[in-house]
Amino acid sequence: MKFNLTKKVASVGLVAVMGLTGLVGCGEEELAARVNGEDITLEEYNTNLDMTMNMAESQYGPDILDQEIQEGVTMRDMLSDQVMSDITQKEALIQDAEGRDIEVSDDELNTEIGNYKEQLGGEDAYNKFLEENGMSEDMFEGLMRDDLMLGKHREALMEEIEVTDQEISDYYEENQDQFSEVA
């Protein structure tokens, strides 16, 4: 089966954007976004944003969030937009994976978490990691399950890609200005 990756990525992204609603109140939980009818709560968005900001501060220092990265836009603003984009795209991809019946077994998840604990240096280091990042074990397991599912999804999409020699040649001819020859 022939598969056009560019069109698929664009359509998944478009689905995420079309399904996105602004910050709205709905019942008891406030929503940050909705992707194809699936809610992303404000709490989930804020948790992701806090983790992202904490990582930026630990890497670049406590003043990084207030630095202007372009006129009128701070690092905090850019990270806020990026987190919203990331979580909506991730939700759209997870929905697509689920629609393809891609699943992650408990054994696969437990193996991956075991590997992660080993890389960190054991159970104590793992618990410290969770604490430092403000994550519960359930939250971390959910993130790991999503990452494993997205990896399987990516592999499934890659198996569908078939690029012919003619397509390669056509692409090169249309984009020669992007290639340079090394002498």
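Observations on the structure shown:
- Scanning the range 155-169 for residues that are more than 25 Å from Glu103 (Cβ to Cβ) and either hydrophobic (A, V, I, L, M, F, W, C) or touching a Cys at 6+ places or on another chain (Cβ under 8 Å) (or both) yields Val163, Ile168.
- Only one of the listed residues (Leu157, Leu148, Leu93, Leu79) is among the hydrophobic types (A, V, I, L, M, F, W, C), surrounded by 11 or more Cβ atoms within 10 Å (Cβ to Cβ), touching a residue at least 12 places away in the same chain (Cβ under 8 Å) and farther than 27 Å from Glu43 by Cβ. That residue is Leu157.
- Within the range 55-76, considering residues that are open to solvent by 80 Å² or more (accessible area, probe 1.4 Å) and assigned to a helix (DSSP H, G or I), the one nearest to Phe140 (Cα to Cα): Met55
- Hits in the range 107-164 - residues which are outside any helix (DSSP H, G or I) and modelled with pLDDT of 95 or more: Gly121, Gly122
- Meets criteria (over 30 Å from Gln59 (Cα atoms) and of a type in the set (D, E, K, R)) for Asp86: no
The values are calculated or read from the model by the stated rules, or taken from the named source; none is laboratory data. Bear in mind the structure is a predicted one, so any value in this text is a computation, not a measurement. Using ideal geometry, Cβ is built from the backbone for each residue, glycine included, and neighbour counts are taken over all protein chains shown. Accessible surface areas use protein heavy atoms only, side chains included; no ligands, DNA or RNA. Shrake-Rupley method; radii C 1.70, N 1.55, O 1.52, S 1.80 Å.
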